[in-house]
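Student: Got a structure for you, questions after.
Since every read-out is calculated from the coordinates, none of them should be taken as a lab result. Treat the numbers as computed from the prediction; the structure is a model and nothing was measured. Please note: Cβ atoms are built from the backbone with ideal geometry, for glycine as well, and neighbour counts cover all protein chains shown.
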Amino acid sequence: MALADTGKAIGAVTQLLHDHLENHQGVTVDDVKVGRPEEPTGAAMNSILNLFLYEIQFDASLKNVSLDEGQPSPLWLVLKYLITAFDNQGESDSIEAHEYLGEGIRALQELSFLPLTAASLKALNDNPEVLKLTFDETPSDLLSKLTQGSDEKYRCSVGFEVRPVLIAPSQPPSYSLLVGVDYTASPPDLVGDEGIKIPVIPSMGPLISEVSPLKFEVNSTIKIFGNDLNLLGLSVLLGSAELAVTAQKPNELQCVVNGTISGGGSISAGSHPICVVQTLPTGRKRTSNLLVANLLPRLDSATFALDPAPDVFGSVQLTGSLLGRASDDIFIALYRDGKVIKMFDQVTTTPTQQLLTLTINESDAVPNGEYQVILRVNGQQAKNSPAIMV
């Protein structure tokens, strides 16, 4: 079926109810009619069950529900009916009419979920929700408004509703071909972002707003948030060192702090500018705004050894990454009992920044005992503070 057939759904529901009552073995009336519940006319009087569609409402709970995401919402309707019985004398309030009315509502009660028939299939088959029939309260003031005609006669009736009835838009949905697929190839080839060309409104380049976490060690994974971070040819610079990009989203870039940084030959620990750089097809580079990121030294271990020299008390050797170079601002503190016992800034460094040696002279000797070593390089403190026994 085409969704255009749902324009006949209201009539299809009425026809479905009519056919069910007319063919039900428990309904003994001579005829089932559709229309206003008015007294039948003519020489030959028949007993009748009358169906009257007196109101159509829009289903509030489904008003903005679309059949397909991104497409216009259809109409979701609630159909409200009255069923009225007439005996073979045209009376709706006789004992016989009341018996017919009871037979009718019993037959409708079996239709809590309406089964589709061949006649109604085209108009109702695409309804994604099962059609449900429920009885309504039918107060006397409602019946007085609906059943009074030229004869001004009150007619006992029972109300019920059928919902939700779908009427789909007549215009076709606004689908398009998939982005990132080369349809000129046979079979079509998935080319991904490389196949997306939008030359009308060029990007002004990446713009970054946040780095997470603000402090990180070597080999950590960091995230950069902003706009236009899914462009081609992006790289991340931390100071003068380039970071490896591992994932991209329109508002998020993920990279790993490794490469030349791990070897200690490019930059030291400390606060550094970080930016995202786009390499254009011409070879020129477009740089984002700058943020400040804090690269921490990583302290793996600390060992204390006695020095045989007569004027030296001992030495402490620290191992790790980005422990500092000769030109860096390096502080080592010995910490115990909740406070710094001694601080030192004269240390011996190595080019790889993986070994740091602190020589403690006898004049700077500290009491024997266990200390935790605190390392700060260019204002950034290592997360680990290993213990040594002096």
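Student: Residue separation times 0.36 nm, minus the C-alpha to C-alpha distance between GLN317 and THR221: what's the value?
Tutor: 31.7 nm
Student: Using the basic label-point model (7 angstrom from Cα toward the beta carbon), what is the ASP136 to SER301 distance in nanometres?
Tutor: Simple spin-label model gives 8.3 nm for this pair.
Student: Right, another one. For segment 207-250, just run the numbers: alpha carbon Rg, then divide by 2.2 N^0.38 Å, N being how many residues it has.
Tutor: 1.13
Student: Straight-line reach from LYS33: which lysines have Cα under 24 Å away, leaving out those fewer than 8 places along the same chain?
Tutor: Once the sequence-local lysines are set aside, what remains near LYS33 is LYS8, LYS80, LYS122, LYS132, LYS145, LYS153.
Student: Same structure again: Tell me, what ³J(HN,Hα) does each residue in segment 89-96 have, in order and in whole Hz, if you take phi through Karplus 6.51 cos²θ - 1.76 cosθ + 1.60 with θ = phi - 60° and put x for Gly and Pro?
Tutor: So the J values, rounded to whole Hz, are 9, x, 8, 9, 10, 8, 4, 5.
Student: Right, here's the next one. Give a residue-ordered list of calculated ³J(HN,Hα) values for segment 221-238 (Karplus: 6.51 cos²θ - 1.76 cosθ + 1.60, θ = phi - 60°; whole Hz; x for Gly, Pro).
Tutor: Karplus values, whole Hz, x for Gly and Pro: 9, 10, 10, 10, 10, x, 10, 6, 9, 9, 5, 6, x, 8, 9, 10, 10, 10.
Student: Continuing with this model, one more query. Note the full-extension length gain between THR184 and LYS8 as 0.36 nm times their separation in residues minus their Cα-Cα distance, in nm to one decimal.
Tutor: Full extension of this stretch gives 59.3 nm more.
Student: Additional query: Roughly how compact is segment 207-295, stated as its Cα Rg over 2.2 N^0.38 Å to two decimals?
Tutor: That ratio works out to 1.00.
Student: A follow-up question, please. Which order results if LYS383, LYS339 are arranged by neighbouring Cβ count within 10 Å, fewest first?
Tutor: On the way: LYS383 12, LYS339 7.
Fewest-to-most ranking of LYS383, LYS339: LYS339, LYS383.
Student: Based solely on its DSSP helices, what 222 nm [θ] is calculated for the chain when runs of n ≥ 4 H residues each add -39,500 (n - 2.57) and the sum is averaged over all residues, nearest 500 deg cm²/dmol? Provide the component values of the computation, followed by the final result.
Tutor: Values: 4 runs with 42 residues, N = 390.
Rounded to the nearest 500, it is -3000 deg cm²/dmol.
Student: A follow-up question, please. With N set to the number of residues, divide the alpha-carbon radius of gyration of segment 298-389 by 2.2 N^0.38 Å and report two decimals.
Tutor: Normalised Cα radius of gyration, segment 298-389: 1.00.
Student: Which cross-chain or sequence-distant (5 or more) residues have an amide H under 5 Å from the amide H of LEU238, H modelled 1.01 Å from N in plane?
Tutor: Those qualifying (amide H under 5 Å, at least 5 residues apart or on another chain) are LEU243.
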